[in-house]
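Input: one structure, supplied below.
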Amino acid sequence: MGRIRFRFDFSLVQESNLSDGVGISAADFRCAMDQVDRAVKSLEARNLKGEIGFPDLPFLEKEGRAIARDAKALAAKYTHLLVLGIGGSSLGTRAVYEAVGMVAARGGLKLSVADNVDPDVFFPLLASHPLKKTVVVAISKSGGTGETNAQLSVVIAALKKAVGKRWKEQLIIVTDPQKGIFRRLAREEGLKSYEIPPNVGGRFSVFTPGGLLPLAAAGVRIGGLLNGAAQMESIFRNTRDADNPVRFASAVYAHYLYQSPKPVQVWFTYGAGLDRVAEWWQQLWGESLGKKRVCGSPVGQTPVRALGVTDQHSQVQLYQDGPADKVFTFVRWMKGREKGIMPKAELAPEMAMFGGRQMRDLFDAEFEGTVGALWAAGRPIVRMEIGSRDEEHVGAFLQFWEWVTAIVGECAGVNPFDQPGVEEGKNITRALMGEKGSEEQRTRFERRIAGIKKAEIRVGEDRPARKGGR
């Protein structure tokens, strides 16, 4: 397994390279680094107490080898793998699978992820699977995720219809070690199960069995994934001051989160599969940092994804000439896999510049041109380049962002590991679906809704008749 390579370029956030006071001064950077140092000490203390567990996951090599053996057995028996999960139980899996790419040739299972209860999406996806040759992995740390519970009820019925009593052999549960509906189901039905450590939240859980098992079964080298994450963890723990990319990035993003706030962060990704990594980051950043601080004031930064080069033609006009309320992160692979050449031919004069050139030259020029245009407009920009499109580099990059997110949250005075707003939405959903014991909450919610003054326009529908008149 090779040594990881990255380039983290923070030149275009420095005061000397940006006009109008947008850049970070040397004094502000020193202040931010001091805050980062305090945040790191606090997080390390929480890790030693066992309160947070994501820093330890890359070093669980024995557990990783056991999962790889189990996954190999699944690949020998089935052809398809269907993951039931949402948010942190699915985004990491999809990010790694698509970022690494081209793993099907290794003999892995065909991987699908059901992360939405839109019936127009879910039922066709389920119907596309040959259930006699499909293994299902249902993931919910709490076991109380309504969407996954609903999916699982449908899938169990479908498996029973397809394979009869053998349905239990084709269902695997990944959940909390002790509590929750999923754990109880696994015990009562004797289902194969794996544990998500109690001190690892869903959006930090890609290196738990919730991510590793389906990825390994699909052909991803999870040993390489963990090795890359461990290398980044070592760099973070053993590199000092501003030479430490995690600490440097944390200081920059903390500055733009609450010291000199930019309420939006835009991730521009250039390279196949990186858009899925951005989707994973979007949850990590938004759900971890969008909170009320201890003092009661809100903090947060809206995470936005943009795909290079496609979204240069749909978003850059806004980013360049619109409000200066954004910080930009550009992410790309150092080198791509394809070397396609554009042919030399009798072309229009305006097209002649392409003849005989690699299309990658154009792709790279698009990257540099967009960075240059936004920089000329005075926008703060961080550039990140990933050495290779493989498991080691993807694992390292995810570990890097988990640490940056945790540190920035600690600096901002919020708990980056909870999600009180999400829980409220889940509670209302369960109440509306008639969960036992939630009657009072449903009544309160319906009364609140009933008090809304209507401003509703219906087109093509019959208007409800008014009582007592025309």
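Regarding GLY460, is this residue of a type in the set (Gly, Ala, Ser) and open to solvent by less than 60 Å² (accessible area, probe 1.4 Å)?
For GLY460, the condition - of a type in the set (Gly, Ala, Ser) and open to solvent by less than 60 Å² (accessible area, probe 1.4 Å) - is not met.
State yes or no: is THR429 of a type in the set (Val, Ile, Thr) and modelled with pLDDT under 80?
yes
Give the residues of region 374-392 that are under 16 Å from VAL96 (Cβ atoms), touching a strand residue (DSSP E or B) at 6+ places or on another chain (Cβ under 6 Å) and open to solvent by 10 Å² or more (accessible area, probe 1.4 Å), sorted by residue number.
Within region 374-392, ARG389 is the sole residue that qualifies.
Still on this structure: Across region 1-32, what is the total count of residues that are in a helix (DSSP H, G or I) and of a type in the set (S, T, N, Q)?
Qualifying residue count for the region: 3.
GLN265 - would you say it is under 20 Å from GLY88 (Cβ atoms) and either at pLDDT below 95 or open to solvent by 10 Å² or more (accessible area, probe 1.4 Å) (or both)?
Taking the combined requirement at face value, the residue does not satisfy it.
Something else now. Do any residues in region 435-450 that are among the small types (Gly, Ala, Ser) have Cβ atoms under 7 Å from those of residues that are assigned to a helix (DSSP H, G or I), where the two are at least six apart or on different chains, and which pairs are they?
So the pair list comes out as SER438/ARG430; SER438/ALA431.
Turning to a different aspect of this structure: List every residue pair whose Cβ atoms sit under 7 Å apart, with the two residues 6 or more apart in sequence or on different chains, where the first one lies in region 59-70 and is farther than 16 Å from GLY108 by Cα and open to solvent by less than 100 Å² (accessible area, probe 1.4 Å) and the second, anywhere, is assigned to a helix (DSSP H, G or I) and hydrophobic (A, V, I, L, M, F, W, C).
The qualifying pairs are PHE59/ALA230; GLY64/LEU212; GLY64/ILE222; GLY64/LEU226.
Let me ask something else about it. Where in region 308-416 are there helices (runs of 4 or more DSSP H), lying wholly inside it, with at least 2 residues that are within 30 Å of LEU43 (Cα to Cα)?
391-412
Name the single residue that is most open to solvent (accessible area, probe 1.4 Å) among those in region 276-325 being touching a residue at least 24 places away in the same chain (Cβ under 8 Å), under 19 Å from ARG203 (Cα atoms) and small (Gly, Ala, Ser).
Filtering region 276-325 for residues that are touching a residue at least 24 places away in the same chain (Cβ under 8 Å), under 19 Å from ARG203 (Cα atoms) and small (Gly, Ala, Ser), the one most open to solvent (accessible area, probe 1.4 Å) comes out as GLY290.
For region 204-220, name all the residues that are in a loop (DSSP other than H, G, I, E, B), touching a Gly at 6+ places or on another chain (Cβ under 7 Å) and closer than 26 Å to GLY409 by Cα.
SER205, VAL206
Any residue that is at pLDDT 95 or above, farther than 23 Å from GLY425 by Cβ, buried (at least 18 other Cβ atoms within 10 Å of the Cβ) and in contact with a Ser or Thr (Cβ under 8 Å, 6 or more places away or on another chain) - is there at least one of those in region 134-155?
Taking every residue of region 134-155 in turn, at least one turns out to be at pLDDT 95 or above, farther than 23 Å from GLY425 by Cβ, buried (at least 18 other Cβ atoms within 10 Å of the Cβ) and in contact with a Ser or Thr (Cβ under 8 Å, 6 or more places away or on another chain).
Another question, then. Looking at (1) open to solvent by 40 Å² or more (accessible area, probe 1.4 Å); (2) modelled with pLDDT of 85 or more, can you tell me which one TRP333 breaks?
All conditions are met except number (1).
Still on this structure, please answer the following. Please enumerate the residues belonging to region 118-167 that are over 23 Å from the mean Cα position of the chain (by Cα) and aliphatic (A, V, I, L, M).
Of everything in region 118-167, those that are over 23 Å from the mean Cα position of the chain (by Cα) and aliphatic (A, V, I, L, M) turn out to be LEU126, ALA127, LEU131, VAL135, VAL154, VAL155, ILE156, ALA157, ALA158, LEU159, ALA162, VAL163.
If you don't mind, another one. When only residues in region 438-452 that are open to solvent by 70 Å² or more (accessible area, probe 1.4 Å) and not hydrophobic (A, V, I, L, M, F, W, C) count, which is nearest to the chain's Cα centre (by Cα)?
ARG442
Hey, GLY300 hits all of (1) modelled with pLDDT of 90 or more; (2) over 16 Å from VAL266 (Cβ atoms) but one; which does it fall short on?
Answer for GLY300: the failing condition is (2).
Looking only at region 239-254, decide whether some residue is open to solvent by 20 Å² or more (accessible area, probe 1.4 Å), acidic (Asp, Glu) and touching a Lys or Arg at 6+ places or on another chain (Cβ under 8 Å).
Yes - at least one qualifying residue is present in region 239-254.
So in region 90-109, with the set limited to residues that are open to solvent by 20 Å² or more (accessible area, probe 1.4 Å) and within 21 Å of the chain's Cα centre (by Cα), which one is nearest to ALA217 (Cα to Cα)?
If we take residues in region 90-109 being open to solvent by 20 Å² or more (accessible area, probe 1.4 Å) and within 21 Å of the chain's Cα centre (by Cα), then TYR97 is nearest to ALA217 (Cα to Cα).
Residue by residue, here is whether (1) on the phi > 0 side of the Ramachandran plot; (2) open to solvent by less than 10 Å² (accessible area, probe 1.4 Å); (3) within 20 Å of the chain's Cα centre (by Cα) holds:
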| site | (1), (2), (3) |
| --- | --- |
| GLY202 | no, no, yes |
| THR208 | no, yes, yes |
| ALA216 | no, no, yes |
| ARG221 | no, no, yes |
| GLN231 | no, no, no |
| PHE236 | no, yes, no |
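The values are calculated or read from the model by the stated rules, or taken from the named source; none is laboratory data. Predicted model, so just to flag it, every value in this text is computed and none were measured. When we count neighbours, we look across all protein chains shown, and the Cβ atoms used for this are built from the backbone with ideal geometry, even at glycine. The area values use the complete protein model at the heavy-atom level, side chains included, leaving out ligands, DNA and RNA. Shrake-Rupley method; radii C 1.70, N 1.55, O 1.52, S 1.80 Å.
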